[in-house]
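The block underneath contains the structure these notes are about, expressed in structure tokens.
Values quoted throughout were computed directly from the atomic coordinates according to the rules given, and no laboratory measurement underlies them. Computed from a predicted structure; not experimentally measured. When we count neighbours, we look across all protein chains shown, and the Cβ atoms used for this are built from the backbone with ideal geometry, even at glycine.
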Amino acid sequence: AYISLQVHGGSDGDNVVYDNVSLRLCEEDRTRYEPSSRKGIAVLGTLKKEEVAPGADLVAYSGFSSSSATALHQPYNSELDFGTGDMCIMFWIKTSRTSGYADIVGRGSQGDTGWQGSKVGSWFLQMVPTSGRLRSFDFYYRYGSTLGSFSSTKCLPIDAWTQVVLRKNGSNADYFFDGIPAGSTTSLTHTLTISRPDHTDKLRIGWQGASYNFPSELESIALMRISSTAPTDEQIKKMYNDEKHLFKENAMCTMYSPNNNNYGINGLDYDDDTGLIHAGTTEGRSIFR
């Protein structure tokens, strides 16, 4: 594989100078089937990827830090311009936080003076230390010259995996913790499309950047997903009940393929006696419940 830097000029003699070129390892985008539509996430610094439970296949990200500029970044992606339409943020989180803020995920430029100077359409989800609401969430969004917000009414437990869903359906927005409603509003009417986007308008997970310094140093994050759809209450509850099994000891969720290049399932069978599904590839067999 190689990179070719080129310029197409309007006339003979045009030239271009490239400077500050860097390569970064990215996390593969596994959310789409078509390779041409995948958009990777850049790993800044050295993140930890650890099992969510002893022997489990699923891993979580942790070790977010401002001192070592450790976070996950995706360059500006127009597919995340939701306007005033539906959207949903889903993830699992475990925290040991007893004080302080933590930025979980945000999109857009935080501005030279922090989020008060950010662009219209920018947003971020933050864990807050407000008295009586420790480990609750605020969803902030920039509109006009104002930074609006929408808060959860419940708080996360200490050192326990929790599924968090923030759903926006038109102007209505809701939080869910482990499939249970955790706060709502009917007035989120402003656009989530970034005005005049440029290279600074990234999606950031775990740390927003130097001018807004609240990294998720005490959190582990898994299964982060952002969607342009608004799941129903029943779908959110089902997702929680399905996914919670992935956070148990020895839970398997990946297809056996040591060569990492053959994901095709050649055989599939269900065992009525054990309730197990056996999936076979050319590389071996995986067993799931």
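Remark: relative contact order (segment 124-202) = 19 percent; criterion is Cα-Cα distance under 8 angstrom and separation of 6 or more residues. The string of couplings for segment 89-100 from the Karplus curve (6.51, -1.76, 1.60, θ = phi - 60°) is 10, 10, 6, 10, 9, 10, 9, 10, 6, 10, 6, x Hz, one whole number per residue in order, with x for Gly and Pro.
3J(HN,Hα) along segment 202-208: 8, 8, 10, 10, x, 6, 7 Hz, from the Karplus curve 6.51 cos²θ - 1.76 cosθ + 1.60 with θ = phi - 60°, whole Hz, x for Gly and Pro.
The dipole here belongs to the chain: it is taken about the Cα centre, uses +1 on the Cβ of Lys and Arg and -1 on the Cβ of Asp and Glu, and is about 760 debye. Couplings 3J(HN,Hα) for segment 124-129, derived from phi with the Karplus relation 6.51 cos²θ - 1.76 cosθ + 1.60 (θ = phi - 60°), are 7, 10, 10, 7, 10, x Hz, where x marks Gly and Pro. Amide H contacts under 5 Å for Asp86: Gly170, restricted to partners 5 or more places along the chain or on a different chain, H placed in the peptide plane at 1.01 Å from N. A cut-off of 5 Å between modelled amide H atoms, ignoring neighbours fewer than 5 places along the same chain, links Lys39 with Asp29. Placing +1 on each Lys and Arg Cβ and -1 on each Asp and Glu Cβ, with no other charges, gives segment 4-156 a dipole about its Cα centre of roughly 780 debye.
Within the chain, the longest run free of exposed loop sites, counting chymotrypsin sites (Phe, Trp or Tyr not before Pro) that sit outside DSSP helix and strand states (H, G, I, E, B) and have at most 14 other Cβ atoms within 10 Å, spans 34-255.
Within the shell defined by Cβ-Cβ distances under 15 Å, the residues around Arg285 carry a net charge of -3, with Lys and Arg each +1 and Asp and Glu each -1.
For segment 183-277, the convex hull drawn through the C-alpha positions has a volume of 265 cubic angstrom per residue. Normalised Debye scattering of the chain at q = 0.08, 0.13 Å⁻¹ gives log10 I(q)/I(0) of -0.40, -1.00, counting only Cα atoms as equal scatterers and leaving out solvent. Between amide H atoms placed 1.01 Å from N, distances below 5 Å from Arg285 occur with no residue 5 or more places distant or on a separate chain.
Take the chain and mark each of the GluC sites (Glu not before Pro) that is in a DSSP loop with at most 13 other Cβ atoms within 10 Å; the longest unmarked stretch, sites excluded, is 29-248. Helical runs assigned H by DSSP (4 residues or longer) give the chain a calculated mean residue ellipticity at 222 nm of -1000 deg cm²/dmol, each run adding -39500 (n - 2.57) before division by the residue total.
Please count, across segment 131-255, the pairs of lysine residues with Cα atoms under 25 Å apart that sit 8 or more places apart or on different chains. Count of close lysine pairs: 11. For segment 130-204, what class follows from the C-alpha gyration tensor (a ≥ b ≥ c being the square roots of its eigenvalues): rounded when a/c is under 1.5, otherwise prolate if a/b is larger than b/c, else oblate? Judged from the Cα gyration tensor, segment 130-204 comes out prolate (a/c at least 1.5, a/b above b/c).
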